[in-house]
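Asker: Starting off with a structure, shown below.
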Amino acid sequence: MSTPPTEYYSAERWQNWVDRIREEEIDAEDEDSMRVFDLMQDDAAIAAAKIVSSFDDGDLDEEGASEKINEIGDIVFSEPDFDDEDKVFLVGSVQESLSIVLHACMEYIHAGAAEEASIEEYVAAAADAEEEEDIESARGFLVKAGTLIIDGENLSPELGKDLEYGPVAEWLNGLASLQSAMEDPEVVEEDDE
C-alpha cells in the first residue's frame, strides 16, 4: 500500500530506521557506521521541511501544519527498545537534535521568521545562555535561528565548531539537518548504503 499524499512521515518509516540500527554493529569511531543516525535524522527533518513548505504554499493551514508536526514528534520521540546502551544514547541524540527542528517549525508556523537578530547572533546568545546553564533560553534562541533557516537564511558550518558537546551542539546539528532539508527536500532512501 503506498503512502497517502497527506502523510508526511509514518511510524513505519521511523521503525525501519530503528530496526536497521538494531541489526547493525555500531562503532562510534567509524564514520560510515554512524551514518545511519545522520540519515535517520535527515529523513525526519525532510518530512518537517515538507510540512512547512506545504504551509507556505497554502496547502496546509496553521492548524493542519501544527498537527502534522506533532504527528512527527509523536513518532520520533518514542523510546527505542534496544539492549545496547550506546544505541539508546545515539538515538536519544538524534531525538534531541530533532526536537529543535520540530520546535522551530512550530514557531515558524505560528509566528513566522524571527526578526530581532541574525542566525549568528542567536547562536552566540544560545552558547552564552548554555554557559550560564540557562538551557531554556539557549533553546529559545536556537528555535528563533531555526525560523530564519526555514525562511531561507544560511547556518554557517563554522558556527558550532568551537562548542563543547552539549544541548546547543546537538541542537545546532538538528538545525544543520533542517537547512539541508529546506534546500533539498528529497526523501532519504532507507536502504542507501
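Asker: Tally up the residues in region 71-90 that are surrounded by 17 or more Cβ atoms within 10 Å (Cβ to Cβ) and in a helix (DSSP H, G or I), please.
Answerer: Number satisfying all stated conditions: 7.
Asker: Follow-up question, since we're still on this one. I'd like the residue in region 132-166 that is of a type in the set (Gly, Ala, Ser) and free of Cβ contacts under 8 Å to residues at least 24 places away in the same chain and, out of all such residues, is farthest from Glu96 (Cα to Cα). First the steps, then the outcome.
Answerer: Residues of region 132-166 that are of a type in the set (Gly, Ala, Ser), as a first pass: 137-138, 140, 145-146, 152, 156, 160, 166.
Restricting the remaining residues to those that are free of Cβ contacts under 8 Å to residues at least 24 places away in the same chain gives 137, 140.
Details: Ser137: 16, Gly140: 14 Å.
Here the residue is Ser137.
Asker: Conditions first: (1) of a type in the set (D, E, K, R); (2) free of Cβ contacts under 8 Å to residues at least 60 places away in the same chain; (3) surrounded by 14 or more Cβ atoms within 10 Å (Cβ to Cβ). Glu170 passes all but one, so which condition is the exception?
Answerer: (2)
Asker: Report yes if Ala104 is of a type outside the set (Ser, Thr, Tyr), surrounded by 17 or more Cβ atoms within 10 Å (Cβ to Cβ) and farther than 18 Å from Lys50 by Cα, otherwise no.
Answerer: Numbers: of a type outside the set (Ser, Thr, Tyr): yes; surrounded by 17 or more Cβ atoms within 10 Å (Cβ to Cβ): yes; farther than 18 Å from Lys50 by Cα: no.
It is false that Ala104 is of a type outside the set (Ser, Thr, Tyr), surrounded by 17 or more Cβ atoms within 10 Å (Cβ to Cβ) and farther than 18 Å from Lys50 by Cα.
Asker: Taking into account only those residues within region 113-137 that are of a type outside the set (A, V, I, L, M) and in contact with a Leu (Cβ under 8 Å, 6 or more places away or on another chain), which is most open to solvent (accessible area, probe 1.4 Å)? First the steps, then the outcome.
Answerer: First pass over region 113-137, keeping only residues of a type outside the set (A, V, I, L, M): 115-116, 118, 120-122, 128, 130-134, 136-137.
Add one more test, that the residue is in contact with a Leu (Cβ under 8 Å, 6 or more places away or on another chain), and what stays is 118, 120, 122.
On the way: Ser118: 35, Glu120: 86, Tyr122: 11 Å².
Top of the filtered list is Glu120.
Asker: For residues that are over 16 Å from the mean Cα position of the chain (by Cα) and among the hydroxyl-bearing types (Ser, Thr, Tyr), scanning just region 112-158, find the one that is nearest to Leu175 (Cα to Cα).
Answerer: Among them, the one singled out is Ser156.
Asker: Then there's this: Collect the residues in region 144-166 that are under 12 Å from Val123 (Cβ atoms) and among the aliphatic types (A, V, I, L, M), keeping them in residue-number order.
Answerer: Selection gives Ala145, Leu148, Ile149, Leu155, Leu159, Leu163.
Asker: Report, by residue number, each residue of region 107-135 that is closer than 25 Å to Ile51 by Cβ and in a helix (DSSP H, G or I).
Answerer: Glu107, Tyr108, Ile109, His110, Ala111, Ile119, Tyr122, Val123, Ala126
The values are calculated or read from the model by the stated rules, or taken from the named source; none is laboratory data. Every value quoted in this text rests on a predicted model; they were computed, and no experiment measured them. As a convention, Cβ positions derive from the backbone with ideal geometry for all residues, glycine included, and neighbour counts pool all protein chains shown. With ligands, DNA and RNA removed, areas are computed over all heavy atoms of the protein, side chains included. Shrake-Rupley method; radii C 1.70, N 1.55, O 1.52, S 1.80 Å.
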